[in-house]
Amino acid sequence: MLSLVSPEEKYQQLLNTISDEILYLNDDDKEQEELNVKINTAMELAQKYTKQQSDDPLDIVPKEYHCYMNIFSDKEAKRFPLPRKWDHRIELLPSFEPKAFPNYKLAPKEMEELDKFLDENLKKKYIQPSKSPMASPFFFVGKKDGKL
């Protein structure tokens with residue numbers, strides 16, 4: 001007896017197919033490791049797709065935007081753009097009185113990182129000394145590598 005399977009059902013069957021595979025992991029510092037895994041088609045397709053992606057910005061960025069690549073270079077990022085006609089200031093009302101809040105307590109390591117951040121960005125002129133009588137709240141978010 002012949003059974004009819006819709007294209008959607010066939011697609012789901014393909015995606016849910018499980019195969020036994022041996023993956024070989026190569027680490028620069030280590031020898032090749034063998035890993036026995038069960039992998040379904042969806043995972044296999046995802047792995048193949050991610051392997052095809054390039055890290056080269058020229059491959060990732062569409063060609064019509066290549067003329068803007070220099071704007072995002074490390075060299076350009078180290079300097080602040082020149083003043084332009086649309087630069088602005090936020091003028092406060094003369095009657096405005098800021099509310100005082102306690103500063104965040106920072107650990108010695110956080111304080112050291114904050115000082116380093118402020119010094120670097122003042123030199124680059126990304127920030128400028130504040131004229132405000134109030135301190136600005138500042139907090140750190142840890143990175144994957146454990147740095148602040």
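Here are some notes:
- Against the conditions (1) assigned to a loop (DSSP other than H, G, I, E, B); (2) under 21 Å from the mean Cα position of the chain (by Cα); (3) among the aromatic types (Phe, Trp, Tyr), residue 117 satisfies every one except (1).
- Of the residues making up region 103-122, not one is loosely packed, with under 11 Cβ neighbours inside 10 Å and within 30 Å of residue 61 (Cβ to Cβ).
- Within the span defined as region 89-102, every residue fails to be surrounded by 10 or more Cβ atoms within 10 Å (Cβ to Cβ), at pLDDT below 75 and part of a loop (DSSP other than H, G, I, E, B).
The values are calculated or read from the model by the stated rules, or taken from the named source; none is laboratory data. As the structure is a computational prediction, the values presented were derived from the model and not from experiment. Ideal geometry is used to build each Cβ from the backbone, glycine not excepted, and the neighbour counts take in all protein chains shown.
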